[in-house]
Amino acid sequence: MKTRSAPLIRGVGRALPKHYADQETLIAAFREAWAGAHFNVERLEELHRAVQVSGRHLAVPIDQYKELSSFARRNEVWMEVAVDLGEEAVRAALRRASLQPQDVDHLFFVTTTGIATPSVDARLVNRLDLRPDVRRTPIFGLGCAAGAAGIARASDYLRAFPDQIAVLLSVELCSLTLQRNDFSIPNIISSGLFGDGAAAVVLAGGKHNGSARAAGPRVTATGSVFYRDTERVMGWDIVDTGFKVVLSAKVPDVVHEHVRGDVDAFLAAHGLERTRIRHWIAHTGGPKVLKAFEETLELPPDALARSWKSLRETGNLSSAAVLFVLGELLDSGEARKGDHGLLMSMGPGFFSELVLLQW
């Protein structure tokens, strides 16, 4: 596809819950909740500090979580907060794109932390006063990869309808999935790593009015790579109390084993090498995952500085995380005409999602 006809990213909006707790406050809360179960609280503190997160935004005030004892109640709160944060993120993205809600032709919604029918995107049609003929595509279960995958699927749609506007919305409220009676290492790590937030991306087809004059990168190519027989690397077990995390220590190993070859093959198919990529937009999977990306891709110093910063400030926001990093890059104004960028994330399956950008 010629670059000038590729879908264009016109704006990224981000929203964080107003409730915030620094990591030491969260550690104290977990110490109080789990010490009575004879859990090794010293190990808890060690694991929480190892993820290098300074604090996280929470769906509700920290003292209210003890009241959310059932999956039904947590999911009810998830729906309420997801709609509020989703509206905020979409409106912010549309403002950055100089567009109105009535301009949206297709709304894509991704999440992996709650369920709703009608889905959150349907509930936002009234909130945002979207047109009654707006198309909706809710996607559940792609986990941390859904931010990149959502951009790819929205771009695929806009290649078929190049005169339209698509919006991708990601809302993840990871704190509402916590299993209070699960003392496994994966659950302990997750309780220290994952945060809450929402992000929205506005994309315009290559023939949409005004896109030729708009700033922002074009989505020139997308790719997915599925790794067979890796279903237990990451995901959920659905139990009576909700979503129980599946998180293998092998995630960095998967990065080391596959990502370099996958990235090189993807770039080569489009006439590029890693040295041509100026902007690396990586999902904030955690310190070990980011280090694995840096090592296997032989990235220059500070190539993932924005990903590290996002991890420290907000934690891993699952599918929204890579969109926060993308938003930071766009806000910086650092990219110049002709620059190439690669947006990448991994998620349950286990699989990689790659999005090639050009300014």
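For the stretch 345-359, a residue qualifies if it is within 28 Å of Gln23 (Cβ to Cβ) and surrounded by fewer than 24 Cβ atoms within 10 Å (Cβ to Cβ), and exactly one does: Pro348. Give the residue, chosen from Val60, Val77, that is out of contact with any Gly (no Cβ under 7 Å at 6 or more places or on another chain), surrounded by 18 or more Cβ atoms within 10 Å (Cβ to Cβ) and not in a helix (DSSP H, G or I). Among Val60, Val77, only Val60 is out of contact with any Gly (no Cβ under 7 Å at 6 or more places or on another chain), surrounded by 18 or more Cβ atoms within 10 Å (Cβ to Cβ) and not in a helix (DSSP H, G or I). Is it true that Arg49 is modelled with pLDDT under 95 and closer than 30 Å to Ser155 by Cβ? For Arg49, the condition - modelled with pLDDT under 95 and closer than 30 Å to Ser155 by Cβ - is not met. Restricting the first member to the stretch 17-37 and to residues that are at negative phi, and the second to residues that are crowded, with 18+ Cβ neighbours inside 10 Å and not hydrophobic (A, V, I, L, M, F, W, C), the beta-carbon pairs closer than 6 Å and six or more apart or on different chains are Pro17/His57; Pro17/Asp196; Tyr20/His57; Ile27/His48.
Considering only residues that are assigned to a helix (DSSP H, G or I), over 13 Å from the mean Cα position of the chain (by Cα) and not hydrophobic (A, V, I, L, M, F, W, C), which ones fall in the stretch 302-335? Within the stretch 302-335, Arg306, Lys309, Arg312, Glu313, Glu328, Asp331, Ser332 meet the criteria. Considering (1) in contact (Cβ under 8 Å) with a residue 24 or more places away in the chain; (2) surrounded by fewer than 18 Cβ atoms within 10 Å (Cβ to Cβ); (3) of a type in the set (S, T, N, Q), the lone condition that Thr117 does not fulfil carries the number (1). Restricted to the stretch 171-222, and to residues that are within 19 Å of Glu80 (Cβ to Cβ) and among the acidic types (Asp, Glu), which residue is farthest from the chain's Cα centre (by Cα)? Checked the stretch 171-222; the qualifying residue farthest from the chain's Cα centre (by Cα) is Asp196. Among all positions in the stretch 26-34, there is no residue which is part of a loop (DSSP other than H, G, I, E, B) and out of contact with any Phe, Trp or Tyr (no Cβ under 6 Å at 6 or more places or on another chain).
Checked against the criterion of being under 25 Å from Arg14 (Cα atoms), more than 16 Å from the chain's Cα centre (by Cα), outside the structural domain of Ala166 (by TED's automatic domain parsing) and buried (at least 19 other Cβ atoms within 10 Å of the Cβ), the candidates His279, His283 yield just one match: His279. Scanning the stretch 286-298 for residues that are surrounded by fewer than 16 Cβ atoms within 10 Å (Cβ to Cβ) and either of a type in the set (Asp, Glu) or more than 19 Å from the chain's Cα centre (by Cα) (or both) gives Glu295, Glu298. In the stretch 248-262 there is at least one residue that is free of Cβ contacts under 8 Å to residues at least 12 places away in the same chain and more than 27 Å from Arg56 (Cβ to Cβ).
Of the strands (runs of 3 or more DSSP E) lying entirely inside the stretch 152-255, the ones with 2 or more residues being surrounded by fewer than 23 Cβ atoms within 10 Å (Cβ to Cβ) and in the same structural domain as Thr284 (by TED's automatic domain parsing) are found at 218-226, 234-239, 242-247. Among the residues of the stretch 349-357, is any assigned to a helix (DSSP H, G or I) and either farther than 23 Å from His270 by Cα or of a type in the set (Asp, Glu) (or both)? Scanning the stretch 349-357, I find no residue that is assigned to a helix (DSSP H, G or I) and either farther than 23 Å from His270 by Cα or of a type in the set (Asp, Glu) (or both), so the answer is no. Against the list (1) touching a His at 6+ places or on another chain (Cβ under 9 Å); (2) outside any strand (DSSP E or B), the condition Met346 fails is (2).
The values are calculated or read from the model by the stated rules, or taken from the named source; none is laboratory data. What you see is a predicted model; the values in this text were computed from it and never measured. We place every Cβ from the backbone using ideal geometry, glycine too, and count neighbours over all the protein chains shown.
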